[in-house]
1. How would you order 241-251, 75-85 from highest to lowest mean count of nearby Cβ atoms within 10 Å?
2. When the chain is fully extended, how far beyond the present Cα-Cα distance does GLN34 get from GLN169, taking 0.36 nm per residue of separation?
3. With Cβ to Cβ distances under 10 Å as the rule, what net charge do the other residues near LEU401 carry (K, R +1; D, E -1)?
4. Please tell me which of these pairs span more than 21 angstrom C-alpha to C-alpha: LYS139/LYS273; LYS5/LYS148; LYS5/LYS152?
5. Quick check: net charge around VAL112, other residues with Cβ under 13 Å of its Cβ, Lys/Arg +1 and Asp/Glu -1?
6. Could you work out the local net charge near SER339, counting Lys and Arg as +1, Asp and Glu as -1, over the other residues with Cβ closer than 12 Å to its Cβ?
7. How do the peptides 325-336, 142-153 rank, highest first, by the average count of neighbouring beta carbon atoms within 10 Å per residue?
8. FRET efficiency for GLN279 and ASP91, Cβ-Cβ distance as r, R0 = 51 Å, nearest 0.05?
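What follows draws every value from the coordinates through simple rules; no lab data is involved. As the structure is a computational prediction, the values presented were derived from the model and not from experiment. Neighbour counts are summed over all protein chains in view; Cβ atoms, including those assigned to glycine, are modelled from backbone coordinates with ideal geometry.
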Amino acid sequence: MADIKNYAAVTAAYWAFTLTDGALRMLVLLHFHQLGFTPLDLAFLFLFYEAMGIITNFFGGWIGARFGLRVTLFAGLAIQIAALSLLSITDPDWEIAFSVAYVMSAQALSGVAKDLTKMSSKSAVKLLIGVHDHGRLFKWVALLTGSKNALKGLGFLAGGVMLSWLGFQLSLWSMALMLIVVLVLALTTIRGDLGRAKEKIKGKELFSKTREINYLAAARIFLFASRDIWFVVGVPVFLYRNFGWSFDQVGGFMAAWVIGYGIVQASAPRFLKRTTDAQSAARNAKKWAAVLSAIPAIIALGLTPGVLASAGAINPGTPSALILVGGLLIFGVVFALNSALHSYLIVAYSDHDKVALNVGFYYMANAVGRLGGTLLSGLVFQYAGLVACLWVSGALVLAALAFTLPLPNRAHIND
């Protein structure tokens, strides 16, 4: 019962954090674009955010296993409060170069905070359920990951709305105050050594692991780079600049995409009813990665004047906005299934009392992919446009597929 109470408290704190994380991304992106930052400048604002995720996941897994998940959760909440406070004092009159450097530094703190809290919650589910009931484990992992993404989508919407109604500074203060309340409640609720390893963790255990986890981590790098290459800068700026969408509309679409992605992810066990163990999950991961790789290419062709229309695939009068929005929604559904399968596999492949180490290593790979995708998003969009971002996205999915192919037909899972 104590573990269930602790897990519920960790998850509730993670959900609250996720709302602020999504809102902050949209606030920073739209606010600084409005101030005249180029797409590449905007990408740089998020680079340290993603780069710190690499370091945080690497060492955070060790910290969680050594000292328990309470420490990583409380630290994550406190650091996010500090990051929001630092961002609130930015001044539009600052030189662009100084603003970029300052915001990158504040975003680095936010990146540390995000991955500490995420690792705490993702690891806690394994500790509560164990490894023998694989069907239940898949459902819980999918529910947690999906609900997180749905809430992050709500955060995107909240960020766009708050920027329009409250402005940049007041929005940040409001979120910091909410997290202070959450941190106080977490400090008084969560007890025990949740996630603490029984044995001393050796330094060599920070580096992988098993063959399965190494391949899965490599696939995760390319999978998330394939999303972030268009998601971070390209699509939001394209919608605002080329289609004339308002902040609320851009935030609303990005929110709808992430919420829908989260709902599909949480519902993945219903879509993938035959996924009952790591063996069947690995097979499905390969199949859905192959499907996903074709979607960005089809969207890119649809946005290239006359290509699909001349082939009779679409009506010549189909609006570009419909092609882009519709295509990305389909991408979101298939991407969510891929991500849910990956999230289940990393937990299923992990030893029981070393789960924080493996989850940390896996999400370190996730952060590497996001970092690469973020940089490419600004770079490719600025110099080659959104269509080029989509073509590179498809190529990155193919690389992710290549790393899922060696996943074994038989999983070796220890308690």
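1. My ranking of the peptides, most packed first, is 75-85, 241-251.
2. Working: separation 135, 0.36 × 135 = 48.60 nm, distance 1.46 nm.
So the extension gain works out to 47.1 nm.
3. Working: positive: LYS286, LYS287; negative: none.
Charge balance in the 10 Å sphere: +2.
4. Among LYS139/LYS273; LYS5/LYS148; LYS5/LYS152, the Cα-Cα distance tops 21 Å for LYS5/LYS152.
5. -1
6. Details: positive: LYS148, ARG220, ARG227; negative: none.
It works out to a net charge of +3.
7. 142-153, 325-336
8. Numbers: r = 56 Å, r/R0 = 1.10.
Computed FRET efficiency for GLN279 and ASP91: 0.35.
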